[in-house]
Amino acid sequence: GRDARLAGRHIIVTAGPTHEPIDPVRYIANRSSGKQGYAIAGALAARGARVTLVSGPVTLPTPPGVDRVDVETARQMASEVGRALPADAAVMVAAVADWRVEPAAGKIKKRPDGKPPTLGLSENPDILAELSRDPRRPALVVGFAAETENVVDNAVAKRTRKGSDWIVANDVSGDVMGGAENRVHLVTADGVEDWPQGSKLAVAERLAERIADALGAIQ
Ligand code: C5P
């Protein structure tokens, strides 16, 4: 139910993949379903927070009470996160593409000589790292880390590198991407908590509870 510690609090959540266009009909994407981010947005809204969900292309319904802003590319996601500020917390769950292509104006054609086209890649903005260093930084910034090996060590290093308060590390060595279950570790300045394996909804409930604790302690 409603939680007084979240009443009047604004929380930004990013979710889903990004699509990076190659030409008018093609794009680079990844297998993120958006389920974990949508579950977190829904759990926070159900507890009474004002939630802005900046979402890449997914096929999920908007959770009740959530303000959803749809984007396609990483750069659009970065700009909508900026537009949504100020916020008390941000939870960056999106699987943002690391690279983009300078898209061709027209559909790229096969060449008569059989030579494939070369895609020049540029690095996308790191939305989490930039937000963590922004003068308008929310009091609580939470990142995610999908890892297949050295899950906790990589997440501890990522917390420092990104400048976030917390990193939720998930072990994606199984079939987590698109699946319903998740196994996560919460990395904070105080250490590492191993959470039991559970549904993405259960992980969302537990994280929403922790965010309420943290924001309740901040005036
Ligand atoms: O570096 P890595 O992609 O593993 O970091 C994952 C975390 O950083 C997630 O919270 C993701 O939403 C965020 N991220 C981002 N912008 C990027 C890349 C990752 O916000 N360009």
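The values are calculated or read from the model by the stated rules, or taken from the named source; none is laboratory data. Please read all numbers here as calculations on a predicted model, not as lab measurements. Here the Cβ positions follow ideal geometry from the backbone for every residue, glycine too, while neighbour counts run over all protein chains shown.
For the list (1) more than 16 Å from residue 18 (Cβ to Cβ); (2) over 16 Å from the mean Cα position of the chain (by Cα); (3) not acidic (Asp, Glu); (4) not in a loop (DSSP other than H, G, I, E, B), I need the number of the one condition that residue 122 fails.
Going through the list (1) more than 16 Å from residue 18 (Cβ to Cβ); (2) over 16 Å from the mean Cα position of the chain (by Cα); (3) not acidic (Asp, Glu); (4) not in a loop (DSSP other than H, G, I, E, B), residue 122 breaks only (1).
Taking the stated definitions as given, is residue 122 of a type in the set (Ser, Thr, Tyr) and crowded, with 16+ Cβ neighbours inside 10 Å?
no
Considering only residues that are in a helix (DSSP H, G or I) and polar (S, T, N, Q), which ones fall in segment 30-52?
Listed by number, the list holds a single entry, 36.
Condition test on residue 58, is it assigned to a loop (DSSP other than H, G, I, E, B) and of a type in the set (Val, Ile, Thr)?
On the way: assigned to a loop (DSSP other than H, G, I, E, B): yes; of a type in the set (Val, Ile, Thr): yes.
Against the criterion (assigned to a loop (DSSP other than H, G, I, E, B) and of a type in the set (Val, Ile, Thr)), residue 58 qualifies.
Go over the candidates 153, 175 one by one and state the one that is out of contact with any helix residue (DSSP H, G or I) (no Cβ under 6 Å at 6 or more places or on another chain), over 18 Å from residue 213 (Cβ atoms), surrounded by fewer than 19 Cβ atoms within 10 Å (Cβ to Cβ) and at pLDDT below 95.
175
Considering 28, 22, 11, which residue is more than 20 Å from residue 182 (Cα to Cα) and buried (at least 24 other Cβ atoms within 10 Å of the Cβ)? Walk me through it before giving the result.
Details: 28 fails: buried (at least 24 other Cβ atoms within 10 Å of the Cβ); 22 fails: buried (at least 24 other Cβ atoms within 10 Å of the Cβ).
Checking each option against the conditions leaves just 11.
Tell me, yes or no, whether segment 77-93 has at least one residue that is closer than 30 Å to residue 116 by Cβ and either within 16 Å of the ligand (Cβ to nearest atom) or of a type outside the set (S, T, N, Q) (or both).
Yes, segment 77-93 contains a residue that is closer than 30 Å to residue 116 by Cβ and either within 16 Å of the ligand (Cβ to nearest atom) or of a type outside the set (S, T, N, Q) (or both).
Looking only at segment 140-157, count every residue that is within 12 Å of the ligand (Cβ to nearest atom) and in contact (Cβ under 8 Å) with a residue 24 or more places away in the chain and tell me the total.
Counting residues in segment 140-157 that are within 12 Å of the ligand (Cβ to nearest atom) and in contact (Cβ under 8 Å) with a residue 24 or more places away in the chain gives 10.
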